[in-house]
1. Give the residue that is most open to solvent (accessible area, probe 1.4 Å), with candidates limited to residues of the stretch 160-194 that are farther than 19 Å from Ala69 by Cβ and of a type in the set (A, V, I, L, M, F, W, C).
2. Can you tell which of Thr187, Thr156, Thr149 is within 14 Å of Ser122 (Cβ to Cβ), free of Cβ contacts under 8 Å to residues at least 60 places away in the same chain, of a type outside the set (Asp, Glu) and not in a strand (DSSP E or B)?
3. Is it the case that the stretch 137-147 has a residue that's on the phi < 0 side of the Ramachandran plot, open to solvent by 10 Å² or more (accessible area, probe 1.4 Å) and among the aromatic types (Phe, Trp, Tyr)?
4. Residues of the stretch 17-28 being more than 13 Å from Thr85 (Cβ to Cβ) and either touching a helix residue (DSSP H, G or I) at 6+ places or on another chain (Cβ under 9 Å) or buried (at least 16 other Cβ atoms within 10 Å of the Cβ) (or both), which ones?
5. Among the residues of the stretch 104-117, are any over 16 Å from Ile70 (Cα atoms) and modelled with pLDDT of 95 or more?
6. Take the stretch 96-117 and flag every residue that is more than 21 Å from Ser197 (Cβ to Cβ) and exposed (fewer than 14 other Cβ atoms within 10 Å of the Cβ).
7. Just for the stretch 118-133: of the residues that are open to solvent by 20 Å² or more (accessible area, probe 1.4 Å) and among the hydroxyl-bearing types (Ser, Thr, Tyr), which one is farthest from Phe71 (Cα to Cα)?
Amino acid sequence: MPLTDSNVIQSAQGTTGASADFNPVTVTLSTPTSGGTVLIGITCDETIPTDPSGFVRDKDVVSGAHSHAIFRKQASVGETSWNVTMSAVGMAAWWVWEVTGLDPSPVDVTSSGAWSTATTKSTGTTSTTTVTDLLLVASWSSWNSSNLTVTWSGQTNSFTEINDVATANTGSTEVSIASARRFPGATGSFETTATASASSLISALVVG
């Protein structure tokens, strides 16, 4: 059967909270996994030198100490949390999904939009997919030193936003992350653009 929204059986989002002094970052789901694939999108103001235990890094984009990555693993039954270790203590924002029916093989296509200061960011266009039964996962992130809480909207090309979360720390530096998905149902090359609520250092990823 084709992949649909029903294959995404749970999702969550979060941040490091009101203090920047966190490492590792603990990513959590409210319900134990049932053996599906776990996808984590995370952005932080430090690098992520090693993959979380059991995960592979499907795609990332790094500029200096600013990191944005999507990780994937085939989960065991009953898992609820995973640690992402940064190069130093810092702030992070993340989303996590559990998805059933995904092929455990490596991803088919990826693309990215490098970190730059702007209010809109494209994921870039993927190469042509080789399969029709595909989940496309897009992620956008921001970093700013102006104490701005950045949100995301206006995802293009039939991508539906799922997560949108930003830090609200007591200092001046903030990060945010958003996710969206599409089930194309046909081969093709794919791209999506989203708009940030304020000019910031932003990046984007898409994995399918």
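The values are calculated or read from the model by the stated rules, or taken from the named source; none is laboratory data. Given the structure is predicted, the values throughout are model-derived calculations rather than measurements. FYI the Cβ positions are ideal-geometry reconstructions off the backbone, even for glycines, and counts take in every protein chain you see. Heavy atoms of the whole protein, side chains included, go into the accessibility calculation; ligands, DNA and RNA do not. Shrake-Rupley method; radii C 1.70, N 1.55, O 1.52, S 1.80 Å.
1. Filtering the stretch 160-194 for residues that are farther than 19 Å from Ala69 by Cβ and of a type in the set (A, V, I, L, M, F, W, C), the one most open to solvent (accessible area, probe 1.4 Å) comes out as Ala168.
2. Details: Thr187 fails: within 14 Å of Ser122 (Cβ to Cβ); Thr149 fails: within 14 Å of Ser122 (Cβ to Cβ).
After applying the criteria, what remains is Thr156.
3. There is at least one residue in the stretch 137-147 that is on the phi < 0 side of the Ramachandran plot, open to solvent by 10 Å² or more (accessible area, probe 1.4 Å) and among the aromatic types (Phe, Trp, Tyr).
4. Restricting attention to the stretch 17-28, the residues satisfying the condition of being more than 13 Å from Thr85 (Cβ to Cβ) are 17-21, 28.
Selection gives Ala20 alone.
5. Here is the first cut: in the stretch 104-117, the ones over 16 Å from Ile70 (Cα atoms) are 116-117.
Then keep just the ones that are modelled with pLDDT of 95 or more; that gives 116-117.
Yes, the conditions are met somewhere in the stretch 104-117.
6. Step one: list which residues in the stretch 96-117 are more than 21 Å from Ser197 (Cβ to Cβ), which gives 96-112.
Across the stretch 96-117, the qualifying residues are Thr100, Asp103, Pro104, Ser105, Pro106.
7. The selected residue is Thr119.
Yes or no, residue by residue, for (1) buried (at least 17 other Cβ atoms within 10 Å of the Cβ); (2) outside any strand (DSSP E or B):
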| residue | (1), (2) |
| --- | --- |
| Gln13 | yes, no |
| Ser30 | no, yes |
| Gly41 | yes, no |
| Ile48 | yes, yes |
| Gly54 | no, yes |
| Lys59 | yes, no |
| Ala69 | yes, no |
| Met86 | yes, yes |
| Trp94 | yes, no |
